[in-house]
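Since the structure comes first, as structure tokens, the remarks are kept for the end.
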Amino acid sequence: MATIPFMRPPDSNDSYQVGDSVEAFCDHDKEDKRIKGWLKGTVVQIDGKLIAVQFRSDVYLTGGWMIPDHILWYPETSSQIRKK
């Protein structure tokens, strides 16, 4: 297999895998109130530099729109996502 040149090789300790349990900082419902906080989700797709996290409860964009598929995308280096 050919090697791919990197300016900085990816750190396998920090990378996410599909199926990983994570916590993400987002707008969501808790006890019938919309709050901004950490919510448990599952990594469902990794696309280059972005990670898709799916949640079991309703999540919202910053502007207040509900996300119908419960999936939010985060940059892989975002401080708003962490491994559970």
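A count restricted to the stretch 47-69 and to residues that are farther than 12 Å from Arg34 by Cβ, part of a loop (DSSP other than H, G, I, E, B), touching a residue at least 12 places away in the same chain (Cβ under 8 Å) and among the aliphatic types (A, V, I, L, M) stands at 0. Within the stretch 55-68, the set of residues being open to solvent by 80 Å² or more (accessible area, probe 1.4 Å) and of a type outside the set (Lys, Arg) comprises Leu61, Thr62, Trp65, Met66, Pro68. Scan the stretch 26-38 and tell me whether some residue there is in a loop (DSSP other than H, G, I, E, B), surrounded by 11 or more Cβ atoms within 10 Å (Cβ to Cβ) and aliphatic (A, V, I, L, M). No, the stretch 26-38 contains no residue that is in a loop (DSSP other than H, G, I, E, B), surrounded by 11 or more Cβ atoms within 10 Å (Cβ to Cβ) and aliphatic (A, V, I, L, M).
The values are calculated or read from the model by the stated rules, or taken from the named source; none is laboratory data. Just so you know, these numbers come straight off a predicted model, no measurement behind them. Cβ coordinates were reconstructed from backbone atoms using ideal geometry, including for glycine residues, and neighbour counts include every protein chain displayed. These area figures cover heavy atoms from the full protein model, side chains too; ligands, DNA and RNA do not enter into them. Shrake-Rupley method; radii C 1.70, N 1.55, O 1.52, S 1.80 Å.
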